[in-house]
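Asker: Below you'll find the structure I mean.
The values are calculated or read from the model by the stated rules, or taken from the named source; none is laboratory data. What you are looking at is a predicted structure, and each value in this text was computed from that prediction instead of being measured. Here the Cβ positions follow ideal geometry from the backbone for every residue, glycine too, while neighbour counts run over all protein chains shown. Please note that ligands, DNA and RNA were not included when accessible areas were found on the heavy atoms of the full protein model with its side chains. Shrake-Rupley method; radii C 1.70, N 1.55, O 1.52, S 1.80 Å.
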Amino acid sequence: MEQISYYSSAAALLLVIGCWFAFGAVFLIRTKPEATIEGAKAPRSYAGLVLQGVGFLPIWFFWRSPAFSDFIDGMAVLNIALQVLAVVLAAFSVWLAMSAVRELGKQWSLQARLVAGHKLITSGVYQIVRHPIYTAMLGMLVATGIVYSRPLPTLTGIVIFLIGTQIRTHSEEKLLTDAFGSEFKDWKAKVPGLIPFLKI
């Protein structure tokens, strides 16, 4: 069983790395939007973005040694199940990010801001979660932790990422509340913020 866990760990790591390439491609080779006049901005959202990025550092810096060892020592069956979960989570995250970017179109941006003629997007994946790109980032973080790092660095990364996400979503949702009022509040009351099907 330990040998099976070793090979499944190697396969899971390679598949998650492949998902990282696909995840990056979603943003790097997407169709660039036409130039548009920008409206309100929330510069503080960059602080949240930085913290989200910092959340990945413990996972990438504290890798498992020896390579392809168990995420949780001495529990081969559980580790195989976690490796399968990590691959599924990474693949789902790629799909979620791709779907979200497609729905946003020219409104997608690194900075929380509105553009002229900004619309409240509630279609597609925005029917199951309000911040699908951050959900996808969190999914990639967790998947990477499972196949590459250890529980404590992974948990630390998740906490830092969630703090950054809270800062970022607060900035974004303030802009949307000011712009769309009750329309946004009604959508917010129906759709979870970060975790699909849960009020989180």
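Asker: For region 77-86, check the following and say yes or no: at least one residue is modelled with pLDDT of 90 or more, open to solvent by less than 70 Å² (accessible area, probe 1.4 Å), assigned to a loop (DSSP other than H, G, I, E, B) and under 21 Å from Leu155 (Cβ atoms).
Answerer: no
Asker: Only one residue in Leu120, Leu175 is farther than 23 Å from Ala22 by Cβ, touching a residue at least 60 places away in the same chain (Cβ under 8 Å) and in a helix (DSSP H, G or I), so which one is that?
Answerer: Leu175
Asker: Looking only at region 136-169, which residues are basic (Lys, Arg) and open to solvent by less than 10 Å² (accessible area, probe 1.4 Å)?
Answerer: Matches in region 136-169: Arg168 only.
Asker: Next question. Residues of region 52-76 being in contact (Cβ under 8 Å) with a residue 60 or more places away in the chain, under 20 Å from Thr156 (Cα atoms) and open to solvent by 50 Å² or more (accessible area, probe 1.4 Å), which ones?
Answerer: Val54, Leu57, Trp60, Phe61, Phe62, Trp63, Ile72
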